[in-house]
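Asker: Provided herewith is a single structure, encoded as structure tokens, for subsequent inquiry.
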Amino acid sequence: MLLSVLLQAAAGVGITKMGAAVGAGLAAIGAGIGIGRIGGSAMEAIARQPEASGDIRNNMIIAAALIEGVALLAVVVCLLTFLM
């Protein structure tokens, strides 16, 4: 079963393009979920300790930027695979 799928992927380019599109979509969805969880956790932390809101906000922005950078890289790789 798996061998037939691999042979079809090697023979045709269509499944490669479909895989690249699915990969780009999953990267975007994963980044959205990750940034949403970071924001929610930061709001809970600020509600518990309002005096530490500056440090929590800075850490949240850094973590969100790192997640978004990895997601952008994944989308670019998937689009390059799609176009080549």
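The values are calculated or read from the model by the stated rules, or taken from the named source; none is laboratory data. Just so it is clear, the structure is predicted and the values come from calculations on it, not from any experiment. Backbone-built Cβ (ideal geometry, glycine too); neighbour counts: all protein chains shown. What goes into the accessible areas is simple: the full protein's heavy atoms, side chains included, and nothing from ligands, DNA or RNA. Shrake-Rupley method; radii C 1.70, N 1.55, O 1.52, S 1.80 Å.
Asker: Filter the stretch 69-84 down to residues that are β-branched (V, I, T) and under 14 Å from the mean Cα position of the chain (by Cα) and give me whichever is least open to solvent (accessible area, probe 1.4 Å).
Answerer: Keep residues of the stretch 69-84 that are β-branched (V, I, T), which gives 70, 75-77, 81.
Next, only the ones that are under 14 Å from the mean Cα position of the chain (by Cα) stay: 70, 75-77.
Working: V70: 99, V75: 38, V76: 68, V77: 79 Å².
My answer is V75.
Asker: Still on this structure: Between a residue in the stretch 41-62 that is farther than 19 Å from A31 by Cβ and touching a residue at least 12 places away in the same chain (Cβ under 8 Å) and any residue that is assigned to a helix (DSSP H, G or I) and among the β-branched types (V, I, T), which pairs come within a Cβ distance under 8 Å, given they are 6 or more apart or on different chains?
Answerer: Here the result reads I56/I46; R57/I46, each pair linking the stretch 41-62 to a residue that is assigned to a helix (DSSP H, G or I) and among the β-branched types (V, I, T).
Asker: If you go through the stretch 31-68 one residue at a time, how many are acidic (D, E) and open to solvent by less than 70 Å² (accessible area, probe 1.4 Å)?
Answerer: The qualifying residues number 0.
Asker: Any residue in the stretch 9-16 that is assigned to a helix (DSSP H, G or I), at pLDDT below 95, among the hydroxyl-bearing types (S, T, Y) and closer than 19 Å to T81 by Cα?
Answerer: Within the stretch 9-16 (the criterion being assigned to a helix (DSSP H, G or I), at pLDDT below 95, among the hydroxyl-bearing types (S, T, Y) and closer than 19 Å to T81 by Cα), the answer is yes, since at least one residue qualifies.
Asker: In the stretch 28-40, is there at least one residue being modelled with pLDDT under 80, assigned to a helix (DSSP H, G or I) and in contact with a helix residue (DSSP H, G or I) (Cβ under 6 Å, 6 or more places away or on another chain)?
Answerer: Within the stretch 28-40, not a single residue is modelled with pLDDT under 80, assigned to a helix (DSSP H, G or I) and in contact with a helix residue (DSSP H, G or I) (Cβ under 6 Å, 6 or more places away or on another chain).
Asker: A further question on this structure: Out of curiosity, is A24 under 14 Å from V77 (Cβ atoms) and not hydroxyl-bearing (S, T, Y)?
Answerer: yes
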